[in-house]
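The block underneath contains the structure these notes are about, expressed in structure tokens.
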Amino acid sequence: MTKTSSSSRNNVPRQLRNLGVIAHVDAGKTTTTERILFYTGESHRIGEVHDGTAQMDFDPQEQKRGITINSAAVTVHWKGTQLNLIDTPGHIDFNIEVNRSLRVLDGAVVVFDGVAGVEPQTETNWRLADKYRVPRIAFINKLDRVGADFHRVVTMMEERLGVRVAPLQIPIGAEGDFRGVVDLLSMRARIWDRDDASAPYREADVPAALFEQAVRSRARLVEAAVEQDEAALQAYVNGEDIAVDVLRAAIRKGVLAGAFVPALAGSAFKNRGVEPLLDAVVDYLPAPDDIVRDGGQPASAADPFAALAFKVVTDDHGAKVFVRVYGGRLGRGDVVLNTSTGKTERVSRLYEVHADKHIERDELVAGDIAAVVGLKDTLTGHTLSDPDHPVVLEQISVPEPVIHVAIEPKASAD
Ligand code: GDP
């Protein structure tokens, strides 16, 4: 199915997150991605991984092996923000692909197995994400499993990954009885339906038995967050209440600066924890213009056009070249210079790729990730640029988070 997008999407900055889901094989990356597609309305039927219907697994070979080999991007929307999910391979053999996908994304959700905790591949991918300074959120999954322990995994992360972890939630119930979380910002419980897996959570008071633990955990979160913001720190030192918006903004600064990693609790398989995870992606992971590249300005639509081809996928739309646009704009019919081959090429169509449809775009702007059709000689790793301003993106330096960026309070009421 093909539709033409009607609204003008050319205003920059937009509500956009380019993110990857990173995990050791079997930690639940595919299941979590499936649930994201479900909750964002892209997939109204929950496909289970073991029956081979997972929507990110395009390649039959992948489905058979249960390993996601291909890196492609899928666009979804959550509460007014566009999320481009970049598929990152989890298997050790595909480190080149992991490297490439880490280059094009701005932030990541790292999925941990609630029983196994930090596994070798998580550790390898974590170091790579450190190298590319990718801001991260941890999703501690499979908390419904026997032997799962959220707090143990948090400790393991701190010890093995050498990272400061700031839990945003504490779980309610464990193993077979894992049924919800306490949100430490709002100090409200979120409880999932025991029987109806697709029902949204309901809010409730914090269970009395968890109240003291929640207060202590919140204090630790506030302590980590306020260090990121002088005014918030001053207020905290003076014993004043920190407003939830101020706290959220301070957490975001901490995530962008790599000062700590927020942790969330869930069970993707049981549909628990995925909506708060999506909220956290919007609240804490960077927008494209929160990231500085080339050691200078954040990517801007006013710059000359430059894009990196990070994946070529051939299907019935032809050869789709997935690109990340770093600067300027790219319109349908434009002629671009492939600086890697020295040849000019003409763009015939631009697509936003959703799980179940392609949406045609008239134009892409800096920060966008989408598919370009019509390029005959463009391969993975090639740079496309404005013929009058040739650049080679291989030389792009490690992105630096912009931590002075003004943080807008959340539009929606909590
Ligand atoms: P990936 O290799 O990281 O993509 O992991 P998958 O999403 O394929 O999950 C691996 C296995 O763990 C599958 O059999 C899933 O059904 C199962 N699984 C994923 N998430 C959970 C969870 O939250 N709880 C339980 N009990 N099993 C899960």
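The values are calculated or read from the model by the stated rules, or taken from the named source; none is laboratory data. Since we're looking at a predicted model, the values are computed, not measured. As a convention, Cβ positions derive from the backbone with ideal geometry for all residues, glycine included, and neighbour counts pool all protein chains shown. Each accessible area value is taken on the protein alone, full model and side chains, heavy atoms only, with ligands, DNA and RNA left out. Shrake-Rupley method; radii C 1.70, N 1.55, O 1.52, S 1.80 Å.
The figures follow:
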item: Largest to smallest accessible area among HIS77, HIS382 [probe 1.4 Å]; result: HIS77, HIS382
item: Per residue solvent-accessible surface (Å²) - region 240-368, probe of 1.4 Å; result: 31
item: Share of carbon and sulfur in the accessible heavy-atom surface of region 293-373 [1.4 Å probe, %]; result: 44
item: Accessible area in the full protein assembly, largest first, 1.4 Å probe, for ASP113, ASP377; result: ASP377, ASP113
item: Rounded percent of accessible protein surface that carbon and sulfur make up, region 84-226, 1.4 Å probe; result: 50
item: Burial order of peptide ranges 350-359, 79-88, 131-140 (average beta-carbon count within 10 Å, highest first); result: 131-140, 79-88, 350-359
item: Accessible surface of GLU158 - all protein chains present, 1.4 Å probe, nearest 10 Å²; result: 80
item: Within-13-Å neighbourhood charge of LEU161 [Cβ basis; K, R +1; D, E -1]; result: -1
